[in-house]
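Peer 1: Sharing a structure, written as structure tokens. Questions coming.
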Amino acid sequence: MDIKKSLEQITPYKWRIPKSFRDGMRVDAIVYGNKFIIDSVEPDALYQLTNVAMLPGVLEPVIGAPDIHFGYGLPMGAVGAFDAEEGVISSGCTGFDINCGIRMIRTNLTVDDIKGKLRILIDTLFRNVPCGVGAKGKLRLTYDQLDEVLVKGAEWALENGYATKEDLERIEENGRMKGADPSKVSDMAKKRGLPQLGTLGAGNHFLEVQAVDEIYDEETAKAFGIEKPGQIIVMLHCGSRGFGHQVASDYLEIHAKAVEKYGIKIPDKQLVCAPANSDEGQDYFKAMQCAVNYAFANRTVMTKWIRDSFEQVFDRTWEDMDMQLIYEVAHNICKLEEHEIDGKKRKVYVHRKGATRALPPGHPLVPRVYKKFGQPILIAGSMGTASYVLVGTEKSKESFYSTCHGAGRVMSRHKAIKSFRGEEIRKRLLETKGIYVRATHGKVIAEEAPDAYKNVDEVIESVHQAGISRKVARVIPLGVAKG
């Protein structure tokens, strides 16, 4: 059966794949997107949603955001929630780049302030923030120090002079998931993590100097520190590097054995998992929290070097430039949360893979400074296109307080490298949009070409109109540093 023909339109921005579509589906799947998004989505990504809808203890519904695209097990741009007692925890549903996330730093600089200095600023950032495949950082940690990072996350960065208390208040989970246990992490993962703390990496990770282009909600934007068009913003996108990838790889093997041990039937071998309360499930959860904390510390350390770079270029202190953290969000993460299911509060393991938490005003986990407005949501576009700041809404309760995380690919990295030449893209972005790009290799630019991604404006309009998050501001890139 054609899965797209099975889609039932609920609203112009919300569609259902009913559990009657396939034998074995325990719950419906919901996909958010306007007709443009739905017409362009890969059928295989939708089938992956129905696979997740077959897992034990899955809760209704499995969610596909408008940036959905085919991935490993659970598609990117998706959410799967499982009962804490009867459900599973799945390394395949969390992803390889654990806590790949975005942080945004405001400044009081304007486009006029950086005219004539953009290139030197990007070059300085590119030099000061190590990037590239296998890049090694400036820090030289011992194994004991690394274990501290894995337990404390951004708190370790605060204790070692890389952050302020205000920074930690504006990070998801305050920069630390409690319960992390380094003894559940392999020696190989630690070996990979030792030299990479404070590094950007490669792929879709980037450091971008942006300008505010449009403000949709002035009151909320002002609360976030976004004051006017032309204001300079910095966006950082990266994750847990080789450490998180190794944690994922290790537990995919462990969960493959757990599936056989506990007799769990899975429709796709990439959806290996373990009962939530089993040793294999909880060991992964504790190891994953280590990777989450590593990523929080990683982005926090890099923020110190971003602030240092601005100080070098503009000969002013970062405090004088008001380089305060707006917020930091996490993707590719599993959390034990409390949600209302059928009128009752239940503990739920929510897997957000390429999805962003979207908490409404007044929610206890929203930082005090933003409590009245809701949680900031940071959505990166593709290189050369706009990014967005959104805010959480009460309606996102229907998506387990989740929304999209980016533009979403329409072309694999391999195909993009074959289709585009990095130097041509770099030249075109400079000549047509004035965007200055620095990267370690042309292939990095090619695989992240704007044409390899969906139209981010359509993605954002979909979640905005669906009501699961709301537009606050649009920002555009001026300069990009990539691995």
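Peer 1: Of all the residues that make up region 181-206, how many are of a type in the set (Gly, Ala, Ser), in a loop (DSSP other than H, G, I, E, B) and either buried (at least 20 other Cβ atoms within 10 Å of the Cβ) or touching a Cys at 6+ places or on another chain (Cβ under 6 Å) (or both)?
Peer 2: Quick first cut of region 181-206, residues of a type in the set (Gly, Ala, Ser) only: 183, 186, 189, 193, 198, 201-203.
With in a loop (DSSP other than H, G, I, E, B) added as a condition, the list becomes 186, 198, 201-203.
Then drop every residue that is not either buried (at least 20 other Cβ atoms within 10 Å of the Cβ) or touching a Cys at 6+ places or on another chain (Cβ under 6 Å) (or both), which leaves 198, 201-202.
Total meeting the criteria: 3.
Rundown of residues vs (1) closer than 20 Å to GLY354 by Cβ; (2) crowded, with 18+ Cβ neighbours inside 10 Å; (3) modelled with pLDDT of 95 or more; (4) in contact with a helix residue (DSSP H, G or I) (Cβ under 7 Å, 6 or more places away or on another chain), yes/no style:
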| position | (1), (2), (3), (4) |
| --- | --- |
| TYR216 | no, no, yes, no |
| GLU227 | no, no, yes, no |
| GLN231 | no, yes, yes, no |
| VAL234 | no, yes, yes, yes |
| VAL247 | yes, yes, yes, yes |
| TYR251 | yes, yes, yes, yes |
| HIS255 | yes, yes, yes, yes |
| GLU260 | no, no, yes, no |
| ILE266 | no, yes, yes, yes |
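Peer 1: Being of a type in the set (A, V, I, L, M) and surrounded by fewer than 21 Cβ atoms within 10 Å (Cβ to Cβ) narrows it down to one residue among LEU359, LEU365; which is it? Talk me through it step by step, then tell me what you get.
Peer 2: On the way: LEU359 fails: surrounded by fewer than 21 Cβ atoms within 10 Å (Cβ to Cβ).
Within the list LEU359, LEU365, the selection yields LEU365.
Peer 1: So, of the residues in region 278-317 that are acidic (Asp, Glu) and free of Cβ contacts under 8 Å to residues at least 60 places away in the same chain, which turns out to be surrounded by the fewest Cβ atoms within 10 Å (Cβ to Cβ)?
Peer 2: Here is the first cut: in region 278-317, the residues acidic (Asp, Glu) are 279-280, 283, 308, 311, 315.
Restricting the remaining residues to those that are free of Cβ contacts under 8 Å to residues at least 60 places away in the same chain gives 279-280, 311, 315.
Numbers: ASP279: 12, GLU280: 22, GLU311: 17, ASP315: 8.
For region 278-317, the residue satisfying everything is ASP315.
Peer 1: Could you please find all residues in region 460-482 being β-branched (Val, Ile, Thr), in contact with a helix residue (DSSP H, G or I) (Cβ under 7 Å, 6 or more places away or on another chain) and under 17 Å from HIS69 (Cα atoms)?
Peer 2: Matches in region 460-482: none.
Peer 1: OK, next. Could you identify the single residue in GLY64, GLY33 that is within 20 Å of the chain's Cα centre (by Cα) and over 27 Å from ALA248 (Cα atoms)? Can you show your working first?
Peer 2: Details: GLY64 fails: over 27 Å from ALA248 (Cα atoms).
Just one listed residue meets the conditions, GLY33.
Peer 1: Return the pairs, sorted by first residue and then second, in which the second residue is outside any loop (DSSP other than H, G, I, E, B) and surrounded by fewer than 24 Cβ atoms within 10 Å (Cβ to Cβ), the first residue lies in region 236-251 and is free of Cβ contacts under 8 Å to residues at least 60 places away in the same chain, the beta carbons are less than 7 Å apart, and the residues are 6+ apart or on different chains.
Peer 2: Matching pairs, first to second residue: PHE243/ARG192.
Peer 1: Please go through region 164-178 and give me each residue that is in contact (Cβ under 8 Å) with a residue 40 or more places away in the chain and more than 21 Å from the chain's Cα centre (by Cα), ordered by number.
Peer 2: The answer is GLU166, and nothing else.
Peer 1: Using the structure shown, decide if SER6 is at pLDDT below 95, in contact with a helix residue (DSSP H, G or I) (Cβ under 7 Å, 6 or more places away or on another chain) and of a type in the set (Ser, Thr, Tyr). I'd like the intermediate steps shown before the answer.
Peer 2: Details: at pLDDT below 95: yes; in contact with a helix residue (DSSP H, G or I) (Cβ under 7 Å, 6 or more places away or on another chain): yes; of a type in the set (Ser, Thr, Tyr): yes.
When the stated conditions are applied, SER6 passes them.
Peer 1: Can you say whether LEU49 is surrounded by 17 or more Cβ atoms within 10 Å (Cβ to Cβ), in contact (Cβ under 8 Å) with a residue 60 or more places away in the chain, hydrophobic (A, V, I, L, M, F, W, C) and not in a strand (DSSP E or B), as far as the supplied structure shows? Show your work before the answer.
Peer 2: Details: surrounded by 17 or more Cβ atoms within 10 Å (Cβ to Cβ): yes; in contact (Cβ under 8 Å) with a residue 60 or more places away in the chain: no; hydrophobic (A, V, I, L, M, F, W, C): yes; not in a strand (DSSP E or B): yes.
When the stated conditions are applied, LEU49 does not pass them.
Peer 1: If we only count helices (runs of 4 or more DSSP H) wholly inside region 376-483, which ones have 3 or more residues that are touching a residue at least 40 places away in the same chain (Cβ under 8 Å) and buried (at least 22 other Cβ atoms within 10 Å of the Cβ)? Let's see the steps before the verdict.
Peer 2: Numbers: elements: 413-419, 422-433, 442-447, 456-466.
Answer list for region 376-483: 442-447, 456-466.
Peer 1: If you don't mind, there's one more thing I want to ask. Any idea which of GLY384, GLY374, GLY343, GLY392 is touching a Lys or Arg at 6+ places or on another chain (Cβ under 9 Å), over 22 Å from PRO75 (Cβ atoms) and at pLDDT below 95?
Peer 2: Details: GLY374 fails: at pLDDT below 95; GLY343 fails: touching a Lys or Arg at 6+ places or on another chain (Cβ under 9 Å); GLY392 fails: at pLDDT below 95.
Criteria check complete, one pass: GLY384.
Peer 1: Same structure, new question: Quick check: is even one residue across region 404-417 under 17 Å from GLY203 (Cβ atoms) and over 22 Å from the mean Cα position of the chain (by Cα)? Let's see the steps before the verdict.
Peer 2: Here is the first cut: in region 404-417, the residues under 17 Å from GLY203 (Cβ atoms) are 405-417.
Now drop any that are not over 22 Å from the mean Cα position of the chain (by Cα), which leaves 415, 417.
Yes.
The values are calculated or read from the model by the stated rules, or taken from the named source; none is laboratory data. Bear in mind the structure is a predicted one, so any value in this text is a computation, not a measurement. All Cβ positions, even for glycine, are placed from backbone atoms using ideal geometry, and neighbour counts span all protein chains on display.
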